[in-house]
Amino acid sequence: MDIFGWIQLVLFVAVLLLLTKPMGIYLFRVLEPGEKTILPRVFGRVETFLYKIIGIDKDREQNWKEYGLALGLFSIIGLFLTYFILRFQNHLPLNPQHFGAVKAHLAFNTAVSFATNTNWQSYAGETTMSHFSQMVALTFQNFISAAVGIAVAAALVRGIARHRSQTIGNFWVDLVRTILYILLPLSLILALFFVSQGVIQNLNGDVQVTTVTTLEFQAGKGGKDGKEIVQTIPQGPVASQEAIKILGTNGGGFFNANSAHPYENPTPLSNFIQVLAIFLIPSGLTYYLGQVTKNKKHGWSVWTAMALLFLAAVLVCWYAEAQGNSRFETLGLSTNSNMEGKEVRFGVFNSALYATVTTDASCGAVNSMHDSFTPLGGLVTLIDIQLGEVVFGGVGSGLYGMLIFIILAVFLAGLMVGRTPEYLGKKIDIYDVKLCVFIILVTAFFILGPAAWAVSAKWGVSQVNNAGPHGLSEILYAFSSAAGNNGSAFAGLATNTPVYNIILGLVMIAGRFLVIVPVLALAGNMAKKKLTPPGSGSFPVHGLTFIILLVGTVIIVGLLTFLPALSLGPVAEHFLMTGSNKLF
């Protein structure tokens, strides 16, 4: 853990903090009805034209059921459109590699994955997907699924802030404005930056290149042969997909190696901007929360709680990877760090930082292979997902996930002091608590249930590359990633089978929509309540006491739910690694 890593960590947090307020103000201008946007002349006419095509009145708001129905129908249509494109990509244009149709079970898994903002990839993009599929099916879904998450977060914040209202906004307006004014312009800027760093953007087919002359041993001759090696280098529209993949916390890479590939993440600067962009919108949403609820101290307190959880996670992961593998001592060797599965151009710190950020934020992009992390390093990535990815979290999903924990924390505080729980002038009733508990339980159920089935069934264990605790971690990570809509993988589990693709696809659907629906129901219930001014008995939702309570609630709920499974996986593996002098 050298000084250069500490400098980068301080710089990252400082820049993120500086960008939070301007990003939050911009989000407020875009998402709140009646506010003027900063780019009306550029996109105003396009916005009006889209409303006419959709056939909606932008001034008519919806209740939570109408909002949820519009969201659900739109997501289903997008899912089927993506599935259709993947199944028939061999008949569609922009397929210079002449890839065939994607198999039905893989097309289902991929369509669900991108429609739910999970971006789980059971395939290698450069050898499976045509340029048309990458651009029209996958990149398009990256915009849509990210916009849906932001829309749901905005709906819940409005519900908390409004007084005796039957509506929480208009889904179509939130969707259109989010894409036009937030995701598109920021993605354009980010894509141009990535191109400047060396990320490719073209519609070419694979390029055959002759590498530096390589000497090979000829079989049976024992001599050296100066035969030239020809290498195939895939091409395609990478920068445009990379930008929204990062900004929308999607994570789906053009290449199988994702952001470890030099065409997706070529330089240390591009790596820094990627991790910053992953947190940019989720961080800004905390200021948006304070702005809408007219309690900026609360917004900053939420940001502080997220930042503390993030710093704890990244420091543990960095420490674990910097210590290296103690088994080397058995061989009489010494190591200062664990570089297995990491890119030399990024090193240990940037690999640990990226792994922490991407699992905190439900992004799923990776610049190193989590399967090769030390047991404690892998444990951090698992816990980040299993806590609900509320440490800044995905675009939108992180905020509404943290708001669930806030309501639970306020409820617990009310029980401890014997007063009616109250949050920002709204009384918390039993219906609110039931919805919050259901959201937490449904995620846990769809992680632990299918994982338990997989480790006890032939279809599950037959695809594991490692036995013992590490194999359990691989399976547990896969279902945690699917239910948490993260998309990253330990990379030691072969999931491109009919059973895994179908089950993981169903888990992704449950992890997305069985959370969104109760969140919208919570927004509708909160909106109907009257706002009351805070009294002497109101629990303050800002300051040190609130931050400690919120952080404690997030950690305790997560650890109580998943600690038994984690004890059998990465925790057991850690003690096996450090507590034995035997090599095998």
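Just so it is clear, none of the values below were taken in a lab; they were calculated from the coordinates. Owing to the predicted nature of the structure, the values given are computational and were not obtained by experimental measurement. Using ideal geometry, Cβ is built from the backbone for each residue, glycine included, and neighbour counts are taken over all protein chains shown.
Observations on the structure shown:
- Descending Cα extents along the principal axes, the stretch 1-67, whole Å: 58, 33, 20
- Globularity index of the stretch 322-389, i.e. its alpha-carbon radius of gyration over 2.2 N^0.38 Å: 1.16
- Dipole moment magnitude, nearest 20 debye, the stretch 421-480 about Cα centre, only Lys, Arg, Asp, Glu C-beta charged: 100 debye
- In summary, the stretch 23-106 shows an alpha-carbon radius of gyration equal to 1.58 times the 2.2 N^0.38 Å reference for compact globular proteins.
- Counting only residues at least eight positions apart within a chain, or on another chain, the lysines with an alpha carbon under 26 Å from that of Lys458 are Lys103.
- Distance between modelled label sites at Tyr319 and Phe575, nm, 7 Å Cα→Cβ extension: 1.9 nm
- The 3J(HN,Hα) values that the Karplus relation (6.51, -1.76, 1.60; θ = phi - 60°) gives for the stretch 173-185 are, in residue order, 5, 4, 5, 5, 5, 4, 5, 5, 9, 10, 6, 5, x Hz. Gly and Pro appear as x.
- Between the stretch 1-70 and the stretch 472-491, the alpha-carbon center distance in angstrom: 29 Å
- Pairs spanning more than 20 Å between alpha-carbon atoms, out of Lys36/Lys58; Lys21/Lys530; Lys294/Lys529; Lys36/Lys294; Lys58/Lys529: Lys21/Lys530; Lys58/Lys529.
- Size descriptors for the stretch 338-443, from the alpha-carbon set: Rg then Dmax equal 17.9, 56 Å.
- Whole-Hz couplings from phi, Karplus 6.51/-1.76/1.60, listed for the stretch 244-254; x for Gly and Pro: 6, 4, 7, 5, x, 6, 8, x, x, x, 5
- The chain: calculated mean residue ellipticity at 222 nm from DSSP helix runs of at least 4, using -39500 (n - 2.57): -20000 deg cm²/dmol
- Mean Cα-pair separation over length for the stretch 5-141, i.e. relative contact order, pairs under 8 Å, 6 or more apart, %: 18 percent
- Vicinal HN-Hα couplings computed from phi for the stretch 60-71 (Karplus, 6.51 cos²θ - 1.76 cosθ + 1.60; Hz; Gly/Pro x): 8, 8, 10, 7, 5, 5, 5, 4, x, 5, 4, 4
- Under 5 Å between amide hydrogens, built in the peptide plane, is the criterion, and for Glu422 it picks out Ile428, Phe539 among residues at least 5 positions away or on other chains.
- Neighbour net charge for Gly484 - beta-carbon separation under 12 angstrom, K R +1, D E -1: -2
- As an equivalent ellipsoid, the stretch 249-401 spans semi-axes of 30, 18, 12 angstrom, where each value is the square root of five times an eigenvalue of the C-alpha gyration tensor, largest first.
- Range of Cα positions in the stretch 432-471 per principal axis (Å), largest first: 43, 17, 11
- In terms of packing, defined here as the mean over residues of other Cβ atoms within 10 angstrom, the peptides 5-16, 399-410, 559-570 line up highest first as 399-410, 559-570, 5-16.
- Cα gyration tensor shape for the stretch 1-160, rounded if a/c is under 1.5, else prolate or oblate: oblate
- Extension gain, Gln197 to Lys52, is 48.2 nm, computed as 0.36 nm per intervening residue step minus the present C-alpha separation.
- Taking amide hydrogens as placed 1.01 Å from N in the peptide plane, the amide H of Ala489 sits under 5 Å from that of no residue at least 5 positions away in sequence or on another chain.
- Per residue, the average separation of C-alpha pairs within less than 8 Å and at least 6 apart gives the chain a relative contact order of 19 percent.
- Once the Kirkwood radius over Cα pairs is known for the stretch 385-509, the Stokes-Einstein relation at 4 °C and 1.567 mPa s delivers a diffusion coefficient of 80 µm²/s.
- Taking 0.36 nm per residue of sequence separation and removing the Cα-Cα distance, the Leu563/Thr532 pair yields an extension gain of 7.2 nm.
- Distance from the Cα centroid of the stretch 331-364 to that of the stretch 104-179 is 29 Å (rounded to whole angstrom).
- Tail weight of P(r) past 38 Å, computed on alpha-carbon pairs of the chain, percent: 29 percent
- The stretch 78-199: translational diffusion in µm²/s, Stokes-Einstein, Kirkwood Rh over Cα pairs, 4 °C, 1.567 mPa s: 80 µm²/s
- Whole-number D in µm²/s for the stretch 134-183 (Stokes-Einstein; Kirkwood sum over Cα pairs; 37 °C, 0.692 mPa s): 280 µm²/s
- Kirkwood Rh in Å, taken over all unlike Cα pairs in the stretch 231-297: 13.5 Å
- The label-point distance for Thr232 and Met339, in a model that sets each label 7 Å from Cα toward Cβ, rounds to 3.1 nm.
- Pair Thr497, Met1: separation of 7 Å Cα→Cβ label points (nm): 4.0 nm
- Summing charges over all other residues whose Cβ lies under 11 Å from the Cβ of Tyr67, with Lys and Arg as +1 and Asp and Glu as -1, gives -1.
- The stretch 78-159: relative contact order in percent, alpha carbon pairs under 8 Å with at least 6 residues between: 33 percent
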